[in-house]
Structure formats: C-alpha cells, structure tokens
Amino acid sequence: MYYYDNRQHHFPHVHVKCQDKEAVIRIPDGEIIEGELPQGKNKLVQAWLEIHKDELMADWELASKGTNVFQIEPLK
C-alpha cells in the first residue's frame with residue numbers, strides 16, 4: 001500500500017510484486033485491475049486478501065489520508 005494512492009485507482013487496492021511480475025489488486029473482491037501474477041501466487045494472494053480483508057480496509061483508510069498504517073502479517 002502506498003500513502004495517498006487513491007488518485008489513480010479510486011478504490012481500495014494493494015500493489016503486489018512477485019518475481020518479475022507486479023499487479024494492482026482490489027481489496028474488496030480480489031480482482032486484478034492492473035498487471036499480472038503467476039497463477040499459483042495469485043491464489044495465495046487471494047487467500048491472504050480474504051484472511052486480512054478487514055485489516056487491509058482499515059489500513060487503506062489510514063494510507064489514503066497519509067496516516068501510518070498497521071503492519072499486516074505477510075504471505076509466507
């Protein structure tokens with residue numbers, strides 16, 4: 001998540017990097033709105049989004065206002 005990153009994509013999203021691929025993924029529904037990820041990694045990200053959806057939405061609100069976000073456990 002980037003601070004004030006609600007100008008280009010006007011909805012809650014995360015930026016995901018994996019190997020040489022990058023994607024922007026909408027938090028509420030997990031839709032890839034830009035870029036791509038390897039199929040297996042995309043499934044992991046989708047599961048992570050579902051598990052942490054409430055935390056991600058709370059962080060999105062903070063980040064879009066430029067406020068520090070809470071750390072969320074990364075994919076393992």
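Bear in mind that the values in this text are calculations on the coordinates, not laboratory data. Everything quoted here is computed from the prediction, not taken from an experiment. We place every Cβ from the backbone using ideal geometry, glycine too, and count neighbours over all the protein chains shown.
Remarks
- Residues located in region 45-76, provided they are loosely packed, with under 10 Cβ neighbours inside 10 Å and of a type outside the set (D, E): G66, N68, F70, Q71, P74, K76
- Within region 11-44, the set of residues being loosely packed, with under 14 Cβ neighbours inside 10 Å and within 21 Å of A58 (Cα to Cα) comprises F11, P28, D29, E31, I33.
- Count - residues of region 33-76 that are in contact (Cβ under 8 Å) with a residue 40 or more places away in the chain and of a type in the set (G, A, S): 3
- The residues of region 11-53 that are within 19 Å of K76 (Cα to Cα) and among the charged types (D, E, K, R), listed by number, are K17, D20, K21, E22, K41, K43, E50, K53.
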